[in-house]
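Right, one structure below, let's go through it.
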Amino acid sequence: MATTIRDVAHRAGVSIATVSRALRDATSVTPETRARVTQAAADLEYVPSQLGRQLAQGRHAANGIVFPDLSGPYYAEVVLGYESVAAQLDRSVLILSTHGRRDADTLVTGLAARCDGLVVLGPTVDDEVVHRLNRRGTPIVLVARTPLVDVDSVNAENNASGTLLGEHLVAAGARTILFVGDPEATADVAERFAAISAAAERDGASVTVEPVSDFSEEAGVHAARQALARRRTTKSLPDAFACANDELALGLMLGLRDAGLRVPEDAIVSGWDDVMAARYAGLTTVRQPMRDLGVHAAQLLDQLINRTRETPVHEVLPTELIVRQSTTPTAGGTTR
């Protein structure tokens, strides 16, 4: 029969509550008592119940992470980074996707009640829901979302790299640029569009927008077909396609090639994220630290749960322009 906390208390000659406090290293227990309890636990090979500890501390040992969607390599990388830290902290992770959920606010509020804290990524719930949970004392970290003053956040830098990308597209010969993606969809996409278009227009190029239904490869193929259909009237394609993410860019390249066009000779294409497939496709993109977003969010959340600080933290992780063959029609490009 397994040893219980009652057995340890009897052997050490103390109460069950004293055993619990001693094994939690509580300051209310004297060093002599703690030593006696520790020795009794070792003699009896007693292993404290993790569940019992969690209940005693009012903890669930589970964190929640809320995504707008679960498809695509971007979200997978964020989860991998998040779980790498959660595993070290011996926490389980509950994942909720709000895609297509009309009751997202209710679902997120319910998840918060079952977790020690939440990471909320992107456009999942309104700011008011975040504020309400924060007022209730729920530890929250926002990821890839417009920061709120009183809530922790982790974002990737968009402006500097977007500016470099806009300048690069013009230097590669683009005078007409089509931004593929909806700037109203997320704060990240809005920042990318603003930075790319401001830099390109400052250098004499014109930038228009092709809104998309989502940010998938299929949506990229559809965007290529739309541009090809308009070519029948305008007699020309945009010189460059600046896509809001790599999946759109990869789909768009496929759509152009299916129509017999060459990238980069007939049109240059860029993406954003630097997913693995982008490297094999020779896609110029902006590399953002997707896995690090998850790592930093989990670390910040743990600090909030353990109350090691009170001042909100707002982190911005650096990004990097990666130039490859899809935007270098003359030099052939350099692969990194």
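Could you tell me whether D302 is crowded, with 20+ Cβ neighbours inside 10 Å and part of a helix (DSSP H, G or I)?
Criteria met by D302.
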Extreme residue, nearest to F193 (Cα to Cα), among residues of region 310-328 that are at pLDDT below 95 and either in the same structural domain as F193 (by TED's automatic domain parsing) or hydroxyl-bearing (S, T, Y) (or both) | T328
Does R279 satisfy the condition of being of a type in the set (K, R), surrounded by fewer than 19 Cβ atoms within 10 Å (Cβ to Cβ) and over 30 Å from the mean Cα position of the chain (by Cα)?
-> no
Answer from D103, D90, D126 - the residue that is surrounded by fewer than 16 Cβ atoms within 10 Å (Cβ to Cβ), among the acidic types (D, E) and within 18 Å of Q303 (Cα to Cα) = D90
Considering region 8-33 alone, what residues qualify as being in contact (Cβ under 8 Å) with a residue 12 or more places away in the chain and surrounded by fewer than 18 Cβ atoms within 10 Å (Cβ to Cβ)?
-> G13, R24, T33
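Quick check, is G271 buried (at least 16 other Cβ atoms within 10 Å of the Cβ), under 24 Å from S84 (Cα atoms) and in contact with a strand residue (DSSP E or B) (Cβ under 9 Å, 6 or more places away or on another chain)? Don't jump to the end; show me each part of the working.
On the way: buried (at least 16 other Cβ atoms within 10 Å of the Cβ): yes; under 24 Å from S84 (Cα atoms): no; in contact with a strand residue (DSSP E or B) (Cβ under 9 Å, 6 or more places away or on another chain): yes.
Spelling it out, it is not the case that G271 is buried (at least 16 other Cβ atoms within 10 Å of the Cβ), under 24 Å from S84 (Cα atoms) and in contact with a strand residue (DSSP E or B) (Cβ under 9 Å, 6 or more places away or on another chain).
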Test set (1) crowded, with 18+ Cβ neighbours inside 10 Å; (2) more than 21 Å from I95 (Cβ to Cβ) - D150 fails condition number | (1)
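Let me confirm something: among R287, R291, which residue is of a type in the set (K, R), within 20 Å of the chain's Cα centre (by Cα) and buried (at least 17 other Cβ atoms within 10 Å of the Cβ)?
On the way: R291 fails: buried (at least 17 other Cβ atoms within 10 Å of the Cβ).
Of the residues listed, the single one that is of a type in the set (K, R), within 20 Å of the chain's Cα centre (by Cα) and buried (at least 17 other Cβ atoms within 10 Å of the Cβ) is R287.
Right, A229: crowded, with 21+ Cβ neighbours inside 10 Å and over 21 Å from V316 (Cα atoms) or not? Talk me through it step by step, then tell me what you get.
Numbers: crowded, with 21+ Cβ neighbours inside 10 Å: no; over 21 Å from V316 (Cα atoms): yes.
Here the answer is no, as A229 does not meet what is asked.
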Among the residues of region 184-215, count how many are under 26 Å from V154 (Cβ atoms) and either at pLDDT 95 or above or in a helix (DSSP H, G or I) (or both).
-> 13
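Right, R257: out of contact with any strand residue (DSSP E or B) (no Cβ under 8 Å at 6 or more places or on another chain), part of a loop (DSSP other than H, G, I, E, B) and free of Cβ contacts under 8 Å to residues at least 12 places away in the same chain or not?
Working: out of contact with any strand residue (DSSP E or B) (no Cβ under 8 Å at 6 or more places or on another chain): yes; part of a loop (DSSP other than H, G, I, E, B): no; free of Cβ contacts under 8 Å to residues at least 12 places away in the same chain: yes.
So R257 does not fit the description; no.
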Only one of G166, G181, G173 that is buried (at least 22 other Cβ atoms within 10 Å of the Cβ), on the phi > 0 side of the Ramachandran plot and touching a residue at least 60 places away in the same chain (Cβ under 8 Å) | G181
All-but-one check, V316 against (1) exposed (fewer than 15 other Cβ atoms within 10 Å of the Cβ); (2) in a loop (DSSP other than H, G, I, E, B), failing number (2)
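The values are calculated or read from the model by the stated rules, or taken from the named source; none is laboratory data. Computed from a prediction, not measured in an experiment: that's the story for all the values here. Glycine gets a Cβ as well: all are built from the backbone with ideal geometry, and neighbour counts include every protein chain shown.
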